[in-house]
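Colleague: Sharing a structure below in structure tokens format, with a few things to ask.
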DNA sequence: TTTT
DNA sequence: TTTT
């Protein structure tokens, strides 16, 4: 049994950091990967692949990545399903990252791209059952710390409704 | 831009071979890959990953694989979307295989039953515009010959309406 | 920075389990992977890839794998170099496995292949600085326990001289 | 049988473009990939992985990559051996690239210096039997234009004797 | 609902 | 020095 995915592409939007009811951090984003060939109309297309990252790596990803960031992901494909509010079963296929790589050379993009970072302060992991949508402290300072971005590791949860993020989705 | 997926797991059902309106063969199946860890309830889970294979590989996969076959896939993640008959946009994430490996050692399962290999090939690309929706002979026999079939609950027993398969989906 | 390798092939020989001076288990083997194409002489060739596995996974690999075993490896490429006894610098490129998968279906091969397993008893991890060449207790019983082989994880060290295996080679 | 490698790292030197006696282009370089952990002395290490690329990709790699270029490689591990001029059998493990990705964002390093892209292409396959051993114009300039060249100690500054490159080594 |  |  082997399940391994490696992606290099660009984020379609800023990553979203949330917390499960138990306070576990999870970041999700979509990575656009251009296809190496053109379609029958001669156009270049891309695949838009949902990625989730858990725990410490979630917070790193939220700090160091932004819309357009060239990013590497090493992880696995996960499928899950849930019943939505219309009683319909929704099937989700996403990549759970073991490791996320910030491939943008130092001093580029993110340092300049710091648009809407630094909105409301987060309740944080200790806040219990209320999902957290704001940036963390460290996000606020991210632009200035952007010098030598680290690599980080781990995985799970997508489809942006907070109710979708459960501690049951924790990979381990 | 890198998009690479490697999977080893077992088919949840017999593969389905179809043809696009232009007569291009495409086989789809779901591969179940056990997760290497247990969930919070201590249960072993699996991911059920939809895979498609095109052209000659499609016909090979349809001939050599069956429900339960241990199978390797090397490919890429593809996302696409289409409007379903209810006018709703459906988003699909699946693996497009570059290569499919039949990992069942000889003398086992399907290989032991390897009587009709190469027999009754479907009318194929030359048959023009009529897609082939029924199971092939060998598929039908495969199910009954299956010695120790793992029982998987295939979550992708949806979205396999023939209308989904278009020549526009051809990878190249 | 991404370094990921996935292999499925067959062991060319039984795996070799050793211990570093500090008693850390390390297993090495070579995996033969057939190339998917023929050479200019129309012959099928293979690549013979050295793999190392560390710690608990080393002992599992030694127990469950044997010459000819169909095996999956998920790991990374590692390069290192050392000076051999002729004062020559030797460059080694090998795969360090994070995870090793026994793909042989239960009850096959190994159960029958138990040829020279169960030779002299090993001094074991506690024996300190003397590398251990014999099979472990658990290896002796391997043939009888072979029912549902597990998967296992981790990595490092090749080129069979015991002096090559140092605690400095530990990946973490 | 699966043999898949994905690497993202930086070239230790400019790539070397050569031609087989039959005029087939082959480029080789070493890619340095930092390890995601520190060794027992708390130092960060890297793996130095030899890569070869054939045909059109070879010429692209030679044109677009230079020492220090952040580069993605998707390929397979190849092992081969040959007898060196001392009559000794030399074993080589290297990555044969199916695809090489130039990951340096535009406006940086080599891309900024992208003056002579497509200029002075080597005589190439049509030149017949004369291998090209010297650096290309663009390679020579690349070294001097290199803004912040990482300094890597390339352990594969050996075994690049032209005699190693034979038409028998062609992957297909 | 998509990136450069 | 190689596996099926």
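Colleague: I want to check the label-to-label distance for residue B:85 and residue D:82. Put each point 7 Å from Cα in the C-beta direction and report it in nm to one decimal.
Modeller: 6.3 nm
Colleague: Using only the alpha-carbon atoms of region D:16-67, report the extent along each of the three principal axes, biggest first, to the nearest angstrom.
Modeller: 48, 20, 13
Colleague: What are the label-to-label distances in nm, one decimal and shortest first, from residue B:85 to the same spot in the other copies, with labels 7 Å along Cα to Cβ?
Modeller: Computed spacing set for this position: 2.8, 7.5, 7.6 nm.
Colleague: I'm a student and want to see the number: the projected area of the Cα convex hull of region A:1-100, averaged over all directions, in nm². Could the numbers behind the result be given before it?
Modeller: Numbers: hull surface 34.6 nm².
Seen from a random direction, the Cα hull of region A:1-100 projects 8.7 nm² on average.
Colleague: Taking a point 7 Å out from Cα toward Cβ as the label site, list the nm distances between residue A:22 and the same residue in every other copy, smallest first.
Modeller: 3.2, 5.1, 6.0
Colleague: Also, I was wondering about something else. May I ask you to order A:44-53, B:59-68 by the average number of other C-beta atoms within 10 Å around their residues, highest value first?
Modeller: Working: A:44-53: 21.2, B:59-68: 23.2.
Listed from highest to lowest mean packing, they are B:59-68, A:44-53.
Colleague: Which residue in A is nearest the A/C rotation axis when you measure from the C-beta atom, and what is the distance in Å?
Modeller: So the chain A residue sitting closest to the axis is A:4, 3.
Colleague: Moving on. Distances in nm, one decimal, shortest first, from residue D:42 to the same residue in every other copy, taking the label point 7 angstrom along Cα→Cβ.
Modeller: Label-point distances to the other copies, shortest first: 4.2, 6.1, 6.4 nm.
Colleague: Distance in nm between label sites at residue D:39 and residue A:167, each 7 Å beyond Cα in the beta-carbon direction?
Modeller: The answer from the label model is 4.2 nm.
Colleague: Would you mind getting me the FRET efficiency between residue B:22 and residue C:46? Use the beta-carbon distance for r and R0 = 56 Å, nearest 0.05.
Modeller: So, using R0 = 56 Å, E works out to roughly 0.90.
Since every read-out is calculated from the coordinates, none of them should be taken as a lab result. Worth saying up front: this structure is predicted, and the values here are computed from it rather than measured. Don't worry about glycine lacking a Cβ; one is built from the backbone with ideal geometry, like all the others, and counts go over all protein chains shown.
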